[in-house]
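Working notes, structure below.
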């Protein structure tokens, strides 16, 4: 039994080679797909990624390629006139399931036409689908073919689409127009690029604003933590106690100096007890800053006393090379307060 079969329909030779598993249409390798679900499932993700407008232009642009050959075949082989050739071409491609073509209007002089296609494969594919994107494949073909027929740029507009249980059809209004698919595609790509850039800029600005807010919050929290970890307490008139808790680094020591001197000046303090019971001095810079606080307070007329000095804190203060013989040190805040009361 032969494995090769051939039939000619509407002037189209269709050939099957069963051994090779191959099909040719008009002498070109071809393949058959179910319009739904096969084609729909292949194309639906592309629509989702590109968006309907970009997808339509991309498909129309690609389908418009090769219409030179289609047009010349119509004029030279399929009919005595363009109108006859176009309908003969429509009959030929209908054998491939493109749909049944009609040409209700053709005015080559005024460069306008109407083409109606019944049961186009693109509408068959979209029957029952929630999202519909029309017939961009046919649109691109018609724009390409009629641009040759009119001898000028033209556009094909989907004027009417019928999709119901009884009928499927689309009607294109074709007219001279300066637009081209390539230019429209470039325009849309530019708009999408600008839109993406604006969206990116907006996200960057939003992220920057959020970061600034977080930095401001962190700075505020740092200030709160510093004030909580080094509260200034006025125990008697003219007597301030400053209990230090946690690590005392250069930054925190500088802030401590500023707060202490401000409190001494505003409250007219005579004595300031620096309680280091819960503090750890980190580095020589912090130790120097603490000593500068003591010296600056003295210039403002307040005398500093130390309490709760641990061995590690004492070592850090001694290592900076400044003598503390004139700064009284006590084991506890109570002992320092007793000394001040005794002096008074």
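The values are calculated or read from the model by the stated rules, or taken from the named source; none is laboratory data. None of the values given here were measured: they were computed from a predicted structure. So basically every Cβ, Gly included, is an ideal-geometry build from the backbone, and we count neighbours across all protein chains shown.
Quick one: would you say residue 137 is surrounded by 10 or more Cβ atoms within 10 Å (Cβ to Cβ), in contact with a strand residue (DSSP E or B) (Cβ under 9 Å, 6 or more places away or on another chain) and at pLDDT 85 or above? Against the criterion (surrounded by 10 or more Cβ atoms within 10 Å (Cβ to Cβ), in contact with a strand residue (DSSP E or B) (Cβ under 9 Å, 6 or more places away or on another chain) and at pLDDT 85 or above), residue 137 does not qualify. Considering the conditions (1) over 37 Å from the mean Cα position of the chain (by Cα); (2) under 30 Å from residue 126 (Cα atoms); (3) in contact (Cβ under 8 Å) with a residue 24 or more places away in the chain, residue 242 is excluded by exactly one of them, (2). If you go through region 53-102 and keep only what is surrounded by fewer than 16 Cβ atoms within 10 Å (Cβ to Cβ) and on the phi > 0 side of the Ramachandran plot, you end up with 66, 97.
Candidates 185, 200: the one that is surrounded by fewer than 18 Cβ atoms within 10 Å (Cβ to Cβ), farther than 22 Å from residue 75 by Cβ and not assigned by TED's automatic domain parsing to the domain that holds residue 55 is 200. Where helices (runs of 4 or more DSSP H) sit wholly within region 252-344, those with at least 2 residues that are surrounded by 15 or more Cβ atoms within 10 Å (Cβ to Cβ) and in contact with a helix residue (DSSP H, G or I) (Cβ under 6 Å, 6 or more places away or on another chain) occupy 283-299, 311-319. Out of all the residues in region 154-176, which are free of Cβ contacts under 8 Å to residues at least 60 places away in the same chain, more than 17 Å from residue 122 (Cβ to Cβ) and out of contact with any helix residue (DSSP H, G or I) (no Cβ under 9 Å at 6 or more places or on another chain)? Answer for region 154-176, where residues must be free of Cβ contacts under 8 Å to residues at least 60 places away in the same chain, more than 17 Å from residue 122 (Cβ to Cβ) and out of contact with any helix residue (DSSP H, G or I) (no Cβ under 9 Å at 6 or more places or on another chain): 165, 166. Within region 110-134, take every residue that is out of contact with any strand residue (DSSP E or B) (no Cβ under 6 Å at 6 or more places or on another chain) and in a helix (DSSP H, G or I) and give me the one that is surrounded by the fewest Cβ atoms within 10 Å (Cβ to Cβ). Within region 110-134, the match that is surrounded by the fewest Cβ atoms within 10 Å (Cβ to Cβ) is 124.
Scanning region 21-43 for residues that are free of Cβ contacts under 8 Å to residues at least 12 places away in the same chain and either under 29 Å from residue 83 (Cβ atoms) or surrounded by 13 or more Cβ atoms within 10 Å (Cβ to Cβ) (or both) yields 22, 23, 24, 28, 33.
Please determine whether any residue of region 175-190 is modelled with pLDDT of 90 or more, touching a strand residue (DSSP E or B) at 6+ places or on another chain (Cβ under 8 Å) and either in a strand (DSSP E or B) or within 30 Å of residue 128 (Cα to Cα) (or both). Yes, there is a match, as at least one residue in region 175-190 is modelled with pLDDT of 90 or more, touching a strand residue (DSSP E or B) at 6+ places or on another chain (Cβ under 8 Å) and either in a strand (DSSP E or B) or within 30 Å of residue 128 (Cα to Cα) (or both). For region 59-76, the criterion of being assigned by TED's automatic domain parsing to the domain that holds residue 103, within 22 Å of residue 105 (Cβ to Cβ) and free of Cβ contacts under 8 Å to residues at least 12 places away in the same chain is met by at least one residue. Restricting 263, 331, 255, 314 to residues that are within 52 Å of the chain's Cα centre (by Cα) and more than 17 Å from residue 238 (Cα to Cα) narrows the list to 255. Kindly indicate whether any position in region 146-157 is touching a strand residue (DSSP E or B) at 6+ places or on another chain (Cβ under 7 Å), modelled with pLDDT of 95 or more and over 21 Å from residue 69 (Cα atoms). Looking for residues that are touching a strand residue (DSSP E or B) at 6+ places or on another chain (Cβ under 7 Å), modelled with pLDDT of 95 or more and over 21 Å from residue 69 (Cα atoms), one finds at least one in region 146-157, hence yes. Apart from one condition, residue 166 fits all of (1) out of contact with any strand residue (DSSP E or B) (no Cβ under 6 Å at 6 or more places or on another chain); (2) surrounded by 10 or more Cβ atoms within 10 Å (Cβ to Cβ); (3) within 28 Å of residue 106 (Cβ to Cβ); the exception is (2).
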